[in-house]
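First up is the structure itself, then whatever we jot down about it.
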Amino acid sequence: MNKRVKNTILGTVVFGVIGFVVTYILNGTPVWTHVIGQAIAGFLLYAFILPAMEKRNKRKKGDVYE
């Protein structure tokens, strides 16, 4: 697997676990819609947003004065 796929899977799982823990602490029972929403957010972040930001920053890295 390449780095992007690994990061996407890891981000999805981590965001889902964090959502589970937070809702369990706050409510006493997990709110599954929140957990699924967090997992989807982790997927979108690591699959699309962060790679686009890295690509943009790599392109701008050569421009010192702009």
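The values are calculated or read from the model by the stated rules, or taken from the named source; none is laboratory data. No experiment lies behind these values; they were computed from the predicted model shown. Counting neighbours? That spans all protein chains shown, and the Cβs are built from the backbone with ideal geometry, glycine included. Side chains are part of the model used for accessible areas, which takes the heavy atoms of the whole protein and leaves out ligands, DNA and RNA. Shrake-Rupley method; radii C 1.70, N 1.55, O 1.52, S 1.80 Å.
Points to keep in mind about this one:
Matching residues to (1) without any contact (Cβ under 8 Å) to a residue 12 or more places away in the chain; (2) more than 15 Å from the chain's Cα centre (by Cα); (3) at negative phi:
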{"position": "K6", "(1), (2), (3)": "yes, no, yes"}
{"position": "T12", "(1), (2), (3)": "no, no, yes"}
{"position": "F15", "(1), (2), (3)": "no, no, yes"}
{"position": "V21", "(1), (2), (3)": "yes, yes, yes"}
{"position": "G28", "(1), (2), (3)": "yes, yes, no"}
{"position": "V31", "(1), (2), (3)": "yes, yes, yes"}
{"position": "H34", "(1), (2), (3)": "no, no, yes"}
{"position": "G42", "(1), (2), (3)": "no, no, yes"}
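- Every residue from segment 44-65 that is open to solvent by 90 Å² or more (accessible area, probe 1.4 Å) and part of a helix (DSSP H, G or I): F48, E54, K55, R56, K58, R59, K60
- Scanning segment 6-39 for residues that are of a type in the set (A, V, I, L, M) and either surrounded by fewer than 14 Cβ atoms within 10 Å (Cβ to Cβ) or in a loop (DSSP other than H, G, I, E, B) (or both) yields L10, V13, V21, I25, L26, V31, I36.
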